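Undergrad: Before I ask anything, let me first share the structure, which is written out below as structure tokens.
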Amino acid sequence: QNVVAGPIIRASGLSKTYRISEKQPGLAGTIQHLLRRRHRDVLAVDGISFTIEPGEIVGFLGPNGAGKTTTLKMLTGLIHPSGGELEVAGHQPYRRQARFLRQITLVMGNRQQLLWDLPALDSLRVNAAVYGIAEAEAQRRIGQLAEMLELGQELRRPMRKLSLGQRMKAELLAALLHEPAVLFLDEPTLGLDVNAQARVRDFLADYNRRTGATVLLTSHYMGDITALCPRVLLIHQGQLFHDGSLADLTQRLAPCRQVRLELADLHPPEAFAGFGQLEAHQGHLVRLLVPRAQLAERVAALLERFAVVDLEVSDPPVEELIGGLFRQRDSNAEASQ
């Protein structure tokens with residue numbers, strides 16, 4: 001749903017500073033805290049800038065405390081920025097205008113909006129009334145979304161009797177009932193099992209294809225990011241330090257690919273000299289790191305030299321690569337202090 005020309009999300013020099021009070025331990029600290037409080041400023045988001053085009057699905061990654069949730073709260077108008085400029089769907093979010101709220105939704109995996117003791121269907125009807133959706137249209141939308149989410153009689157049961165995966169799907173249905181143009185998803189698969197995670201990912205990809213909705217997604221499950229997000233934003237200590245293709249980032253962080261071999265015969269470690277960096281050697285199983293540019297040549301040579309029962313070529317796990325990148329920035333920050 002292209003509600004504006006050009007980027008649907010624009011952030012320029014966006015920042016947020018919190019002023020917090022500090023209390024010293026003990027009785028003396030408590031008395032001083034009551035009589036003369038000391039405050040300090042904490043910079044949660046530090047001048048980040050990015051744009052997102054209509055219909056994009058973008059991953060937003062960072063360690064705990066990096067500023068992701070604070071940024072999402074500014075994008076949805078829950079908190080006011082301390083500085084910079086921000087526009088979402090043609091509106092300034094902090095004004096919380098009705099026209100703006102009709103075009104966005106926020107789903108947080110650790111929060112729920114549907115009432116615990118009521119069937120989801122009852123809460124959905126209330127939501128439809130709040131958004132002024134006619135009863136017939138609300139029924140059509142609920143039916144369409146329920147089919148996409150594989151929800152049936154579950155909507156007629158009290159929320160407390162549903163599994164975690166069913167509750168998450170019902171929450172997604174409620175969040176999308178008003179057909180928002182922009183979806184802000186904060187850990188939407190939090191706590192779900194592998195199968196439920198996959199179903200939620202498939203739904204989000206399908207919903208994006210059908211409606212053209214824009215999605216900004218944060219998740220600690222890299223499976224969510226790799227399955228859905230061609231582009232990623234990386235934030236660390238409130239600063240945005242990468243905005244671009246996930247594939248390009250992976251290739252830059254991992255100039256080599258892993259080659260796993262199962263061999264018919266046993267060979268000593270020195271037999272693999274010149275084929276790549278030997279990472280593991282356990283009996284018939286061997287794992288090598290091979291430069292991407294030489295992959296085809298080295299694999300052909302391995303197949304010619306050894307009796308290979310099985311061969312697998314893969315990238316190192318994305319979560320390890322990005323986790324290592326964040327750890328490196330932590331080390332650089334500590335070294336500079």
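The values are calculated or read from the model by the stated rules, or taken from the named source; none is laboratory data. Fair warning: this is a prediction, and the values are worked out from it, not measured in the lab. Backbone-built Cβ (ideal geometry, glycine too); neighbour counts: all protein chains shown. Each accessible area value is taken on the protein alone, full model and side chains, heavy atoms only, with ligands, DNA and RNA left out. Shrake-Rupley method; radii C 1.70, N 1.55, O 1.52, S 1.80 Å.
The rows are residues; the columns are (1) part of a loop (DSSP other than H, G, I, E, B); (2) over 20 Å from G238 (Cβ atoms).
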{"residue": "T70", "(1), (2)": "no, no"}
{"residue": "M74", "(1), (2)": "no, no"}
{"residue": "L78", "(1), (2)": "yes, no"}
{"residue": "E87", "(1), (2)": "no, yes"}
{"residue": "Q112", "(1), (2)": "yes, yes"}
{"residue": "D117", "(1), (2)": "yes, yes"}
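Undergrad: Give the residue that is farthest from E147 (Cα to Cα), with candidates limited to residues of the stretch 208-238 that are assigned to a helix (DSSP H, G or I) and either among the charged types (D, E, K, R) or open to solvent by less than 10 Å² (accessible area, probe 1.4 Å) (or both). So that I can check it myself, show each step before the final result.
TA: To start, the set of residues in the stretch 208-238 that are assigned to a helix (DSSP H, G or I) comprises 208-211, 222-228.
Narrowing the set further to residues that are either among the charged types (D, E, K, R) or open to solvent by less than 10 Å² (accessible area, probe 1.4 Å) (or both) leaves 209-210, 224-225.
Numbers: R209: 16, R210: 14, D224: 22, I225: 24 Å.
The residue in question is I225.
Undergrad: Tell me, please, whether a residue that is of a type in the set (G, A, S) and farther than 30 Å from L303 by Cα can be found in the stretch 257-274.
TA: no
Undergrad: Examine the stretch 322-333 for a residue that is free of Cβ contacts under 8 Å to residues at least 60 places away in the same chain, more than 25 Å from G223 (Cα to Cα) and out of contact with any Ser or Thr (no Cβ under 7 Å at 6 or more places or on another chain), and state whether such a residue exists.
TA: yes
Undergrad: Give me the pairs: first residue in the stretch 89-102 and in a strand (DSSP E or B), second residue surrounded by fewer than 16 Cβ atoms within 10 Å (Cβ to Cβ), beta-carbon distance under 8 Å, and six or more apart or on different chains, which are they?
TA: Cβ pairs passing all conditions: H91/Q97; H91/R99.
Undergrad: Looking at (1) modelled with pLDDT of 90 or more; (2) farther than 25 Å from H80 by Cα, which is the only condition G29 fails?
TA: (1)
Undergrad: For the stretch 114-121, check the following and say yes or no: at least one residue is open to solvent by less than 60 Å² (accessible area, probe 1.4 Å) and within 14 Å of E179 (Cα to Cα).
TA: no
Undergrad: Now for a separate question. Restricting to the stretch 242-259, what's the tally of residues that are open to solvent by 20 Å² or more (accessible area, probe 1.4 Å), under 22 Å from I48 (Cβ atoms) and at pLDDT below 90?
TA: Qualifying residue count for the region: 3.
Undergrad: For L289, state whether it is under 30 Å from M222 (Cβ atoms), surrounded by 10 or more Cβ atoms within 10 Å (Cβ to Cβ) and over 31 Å from the mean Cα position of the chain (by Cα). Before the answer, list the steps.
TA: Working: under 30 Å from M222 (Cβ atoms): yes; surrounded by 10 or more Cβ atoms within 10 Å (Cβ to Cβ): yes; over 31 Å from the mean Cα position of the chain (by Cα): no.
No, not satisfied.
Undergrad: Of all residues in the stretch 95-111, which are within 13 Å of L176 (Cα to Cα), in contact with a Leu (Cβ under 8 Å, 6 or more places away or on another chain) and of a type outside the set (A, V, I, L, M, F, W, C)?
TA: T105
Undergrad: I've got another one for you. Can you report the number of residues in the stretch 131-176 which are modelled with pLDDT of 90 or more, under 21 Å from R201 (Cβ atoms) and loosely packed, with under 14 Cβ neighbours inside 10 Å?
TA: Summing the residues that are modelled with pLDDT of 90 or more, under 21 Å from R201 (Cβ atoms) and loosely packed, with under 14 Cβ neighbours inside 10 Å in the stretch 131-176 gives 2.
Undergrad: Report the residue count in the stretch 14-49 for those that are under 30 Å from A227 (Cα atoms) and out of contact with any Pro (no Cβ under 9 Å at 6 or more places or on another chain).
TA: Residues that pass the stated criteria total 5.
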